[in-house]
Structure formats: C-alpha cells, structure tokens
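What follows is a single structure, written as structure tokens, with notes after it.
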Amino acid sequence: MSAWLNPLLERLLPPRCIICDAPGHGGMDICPSCLASLPHNQRACSQCALPLPAGDAAAPVRCGQCLKKPPVFDHAVSLFEYKDDAARLIVQLKFNDRLALSRLFGQLMLDKVCASGAAKIDAVLPVPLHRSRLRSRGFNQSVELARMLSRGLQKPLLRHQVERVVATSQQSGLDAKTRRQNIRGAFRVMAAIPYEHVAIVDDVVTTGSTVNELSRVLKKAGVKTVSVWSVARAPSPK
C-alpha cells in the first residue's frame with residue numbers, strides 16, 4: 001500500500017524545508033542546501049561518537065576518554081554535532097511539540113546507520129522517560145525517533161521492556177560526575193530481552209551518562225552488544 005500511498009501524499013502535501021521553507025528533497029522536509037549546511041558529525045570517535053578534530057574521516061578512531069575508560073556500550077553513531085541549526089531544531093522537537101522533526105531526523109538516522117554498516121542490530125530501544133516527565137511533555141521524542149528506525153530496519157521496537165523508575169533531575173547543566181551520580185539506578189528491566197544486539201536511540205548524547213547506565217542495565221539482563229544512535233553528539237562537559 002505504501003508504494004502508491006506515499007507518492008500520492010507527496011503530491012497532495014509536498015514536503016517543505018523546515019529551515020527555509022523551500023521545497024523538500026527525496027520525500028524529506030529539508031532542502032539539499034539546508035541539509036548540507038547542518039553540522040554533520042563527520043569525524044567522530046568510533047565508540048562514543050564524540051566529534052573529533054579534522055583528519056582522515058575514513059579511519060576509525062577512538063577518543064582519549066574511550067581509550068582511558070571505555071563506556072559500557074560498544075559503538076555509537078550520531079548524525080550531527082550539537083550546535084547551530086541542529087541544536088535549535090532538537091530543542092524545537094523536545095519543547096515546542098514539532099513532532100514532524102522526528103520523522104525527518106528518523107529518516108536521516110536511518111540513512112546514516114545503513115550507509116555506515118551499523119544497521120546490523122536485533123532490536124531498537126528508545127531511552128525511556130519517567131512517567132511524570134512523559135505526562136508533562138506529552139510524548140517521548142526518543143520513541144518517535146526509534147519508531148522510524150524500527151520500521152525502516154524491520155526490527156522490533158522495545159518500548160516496554162525497560163522503564164525509567166527514578167524521576168531524575170534534568171541532566172542539562174550538570175557536570176559529568178554529577179550526571180553519572182544522577183542517573184545511577186534510574187532504569188529497570190521489566191521484561192525479558194531475548195536479543196543479542198540492541199540499539200539505544202536518543203536525541204542528544206552529552207557525556208553519555210544516560211546511555212551508559214542504560215547499557216549497563218541491558219548487559220546485566222543478557223544483551224551482549226549495545227549500540228547508541230543519536231541525532232546529535234555534544235562535546236562532553238568536564
């Protein structure tokens with residue numbers, strides 16, 4: 001059905017660029033010029049996706065922090081550096097209810113993980129929100145992103161296997177050490193996860209404390225390999 005329905009919808013409601021309002025491209029709500037202008041995370045740590053100085057983008061490199069103290073998760077892919085229009089659009093998605101952005105980011109993330117060879121996973125798990133924050137916000141942006149990836153990769157979407165059982169304070173504005181302390185024990189596995197390789201999906205990774213704690217819980221539950229996929233990666237605060 002989608003083979004004929006999607007082209008029909010594009011004719012009736014043609015995509016428009018969410019930045020400049022020019023016609024979209026490739027069925028996406030962004031034009032080629034604005035897509036090219038976004039701060040793509042082209043050279044990054046192969047384990048945590050931290051943006052690295054310019055160099056040979058084809059050579060996998062791990063950052064100093066991952067060499068010194070590797071995170072629990074095994075691999076990470078992030079579309080953009082968290083700055084400029086990328087940061088502005090993510091804020092609009094999270095706090096201004098622009099859910100259409102989740103479709104665009106989901107499509108772009110799907111393209112990137114497929115092109116990078118990172119798509120060989122068994123299931124997709126969005127970072128859970130605590131029920132109190134979910135009530136106040138009305139939606140979980142990570143679920144919306146993960147839904148696009150699950151559908152595109154034809155992999156299970158794990159929405160209820162892990163819950164956020166502690167209503168932690170906002171991670172933004174906290175230093176790395178406080179973030180780790182803040183998130184410790186926040187997640188609990190509620191149902192069996194019979195998959196060897198799970199991809200955690202989030203909008204922004206900053207220090208990696210949240211996805212690292214979630215990875216720890218997953219591996220304790222028997223998951224062997226954990227990847228982290230995010231829209232943006234911020235420089236880690238000290």
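Under the combined filter of DSSP loop state and at most 16 neighbouring Cβ atoms within 10 Å, the stretch 97-131 retains these trypsin sites (Lys or Arg not before Pro): 98, 120.
Evaluating kT/(6 pi eta Rh) at 10 °C and 1.306 mPa s, with the Kirkwood radius of the chain over Cα pairs in the Stokes-Einstein relation, gives 86 µm² s⁻¹. In this rough spin-label picture, where each label sits 7 Å from Cα along the Cβ direction, the residue 103-residue 120 distance is 3.3 nm. Each peptide in 149-155, 123-129, 211-217 gets a packing score, the mean of other Cβ atoms within 10 Å over its residues, and the list from highest to lowest is 123-129, 211-217, 149-155. Return the calculated 222 nm mean residue ellipticity for the chain, to the nearest 500 deg cm²/dmol, obtained by summing -39500 (n - 2.57) across DSSP H runs with n ≥ 4 and dividing by the residue count. Per the formula, -11500 deg cm²/dmol. Listed cross-link partners 155/220; 68/94; 83/224 are compared with a 30 Å cut-off, the Cα-Cα value being larger for 68/94; 83/224. Of the complete DSSP H runs in the chain, those spanning 24 angstrom or more by Cα along the long axis with a mean Kyte-Doolittle score not below -0.5 are 100-116. Here the extension length gained between residue 136 and residue 96 equals 13.1 nm, from 0.36 nm per residue of separation less the Cα-Cα distance.
Each value in this text was obtained by applying a stated rule to the coordinates, not by laboratory testing. The model shown is predicted, which means the values in this text are computed figures rather than measured ones. So basically every Cβ, Gly included, is an ideal-geometry build from the backbone, and we count neighbours across all protein chains shown.
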